[in-house]
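The values are calculated or read from the model by the stated rules, or taken from the named source; none is laboratory data. Predicted, not measured: the structure shown is a model, and the values here were computed from it. Positions of Cβ are generated from backbone atoms using ideal geometry, with glycine treated the same way; all protein chains shown enter the neighbour counts. What goes into the accessible areas is simple: the full protein's heavy atoms, side chains included, and nothing from ligands, DNA or RNA. Shrake-Rupley method; radii C 1.70, N 1.55, O 1.52, S 1.80 Å.
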Amino acid sequence: MDKFSDMTLFISIVKNQGMAAAGRELGLSPATVTARLQALEDRYGVKLLNRSTRHISLTESGALYHQACLEIIHSVKETENLLQTGSQEVRGTLKISAPRDIGKQYISPIISAFCERYPDVVPYLYLDDKLTNLAESGIDIVIRYGELADSNLISRKLAPSRRVLCATPEYLANKGTPVTPQDLADHHCLAMIRSNEELKTWHFTDDNQQTVITLVPKRFSDDGEVIRQWALDGAGIALKSILDIQHDIQEQRLVTVLDGYMKNFNASTSSASADLNVIYQSRQYQPKRLRLFIEFLLERFGER
């Protein structure tokens, strides 16, 4: 079997998080997939995947091989387009992951405008608040709040932002307005779940003084849009990005409280820790559609 087919197989195994699912995608039996993966590891004399009955994960060598496979496959596809059309047309798939609030309010309309300009691009928009492993997911770009932890990725700021506490005027009229972070103990707080972690410890900074409050929230969700809707329903106080709720604030559906404090889900005091960023892998030969879409994103957010 040729090396290009092995690369396609390996990418499918990682993307589908399993050999059976990869086999279904490629029309191969599980036994064939297993045998080809074993032959691949034998050829290079390294273990590429840690495998159990329920989960697979990349080894260090596997991560290097997977990244190389992605770049080679992308390069081959771009070369095929160039040979077939005589020019580097803007076409192909574009896979984007964004939080639900931002995805629906901002990214979806931007994608529509981009596709009007480049109709041969087929976008996939995945709406979730989970932290995505780009190397394993097959996603081209991720749009997320916060500073970049992985130095192997490129991050460019789309918009400055900050986290605010918000609630409806009716809720505050009924429950009272908190004056200090400690007052939140007497309120119904709405908390996020991220990667199975309850984000119920909120950090406040005022004149470089740190205050850490561990709450007993009334509601949890792993979906930021749900948290926003609960706040709009008058269920309590939410810690949200200002970008998510700025229209609600303008329409006075929500108001902010404890505005004198910098707020976050972690101990970072950096103002950049709440900015909105576009994140993508560093590639020597980046597909033209991806380069253009990133620049289109930056241009549209810059117009704001």
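If you go through the range 14-60 and pick out every residue that is in a loop (DSSP other than H, G, I, E, B) and either within 30 Å of the chain's Cα centre (by Cα) or small (Gly, Ala, Ser) (or both), you end up with 12.
Scan the range 30-59 for residues that are surrounded by 11 or more Cβ atoms within 10 Å (Cβ to Cβ) and of a type in the set (Asp, Glu) and jot them down. Within the range 30-59, GLU41 is the sole residue that qualifies. Hey, LEU83 hits all of (1) assigned to a helix (DSSP H, G or I); (2) aliphatic (A, V, I, L, M); (3) modelled with pLDDT of 85 or more; (4) out of contact with any Asp or Glu (no Cβ under 9 Å at 6 or more places or on another chain) but one; which does it fall short on? Result: LEU83 fails condition (3) only. Only one entry in ASP140, ASP186, ASP120, ASP129 is in contact with a Lys or Arg (Cβ under 8 Å, 6 or more places away or on another chain), of a type outside the set (Val, Ile, Thr), open to solvent by 20 Å² or more (accessible area, probe 1.4 Å) and closer than 19 Å to SER97 by Cα, namely ASP129. Picking from residues in the range 12-29 that are buried (at least 19 other Cβ atoms within 10 Å of the Cβ) and among the hydrophobic types (A, V, I, L, M, F, W, C), the one that is modelled with the lowest pLDDT is MET19.
Where strands (runs of 3 or more DSSP E) fall wholly inside the range 200-304, the ranges with 3 or more residues that are open to solvent by 60 Å² or more (accessible area, probe 1.4 Å) are 209-214. Considering only residues in the range 47-70 that are more than 13 Å from PHE10 (Cβ to Cβ) and out of contact with any helix residue (DSSP H, G or I) (no Cβ under 9 Å at 6 or more places or on another chain), the one that is modelled with the lowest pLDDT turns out to be THR53.
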